[in-house]
Amino acid sequence: MRLCVCFMLLSVVLCGSADGFGLRRAGQFVRDAVGGTWDMYRAYRDMREANYIGADKYFHARGNYDAARRGPGGAWAAKVISDAREGWQSSVSGRGAEDTLADQEANKWGRSGGDPNRYRPKGLPSKY
């Protein structure tokens, strides 16, 4: 009898703490993060393809904007990728702190829901 009561109490505790909602939320966060990573890659690929002078801030803002629109996981992925890229770029490229700050400002603008077209240079093909 004691074993049965212990089993019942353990089952109630486990079912109460491992609700499906928490697992669904975690799964959605991961899906958003994967999608946000794809959005960041797509913006980078488009930037390389466009090869348009003065357009990098636009693509920074657009990638972060698209990723953050997916939800918290997408915004998290965009921040991690942006910070890692800027950290690497500032130490390797030699473009300097000023360029890094401008890129990070565009990243934050996009992640906060700001319109990426704020940074769109004149003449950039409408494909992008």
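The values are calculated or read from the model by the stated rules, or taken from the named source; none is laboratory data. From a predicted model like this one, the values you see are computed outputs, not experimental measurements. SASA here: full protein model, heavy atoms, side chains in, ligands and nucleic acids out. Shrake-Rupley method; radii C 1.70, N 1.55, O 1.52, S 1.80 Å.
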Proximal lysines to residue 79, defined as alpha-carbon separation beneath 22 angstrom and excluding residues fewer than eight positions away on the same chain
57, 108
With all protein chains modelled, accessible area of residue 44 [1.4 Å, Å²]
100 Å²
According to the square roots a ≥ b ≥ c of the eigenvalues of the Cα gyration tensor, what is the shape class of segment 20-120, taking rounded for a/c under 1.5, prolate for a/b larger than b/c otherwise, and oblate for the remainder?
prolate
Taking 0.36 nm per residue of sequence separation and subtracting the Cα-Cα distance, how much length would be gained by fully extending the chain between residue 31 and residue 48, in nm to one decimal?
3.5 nm
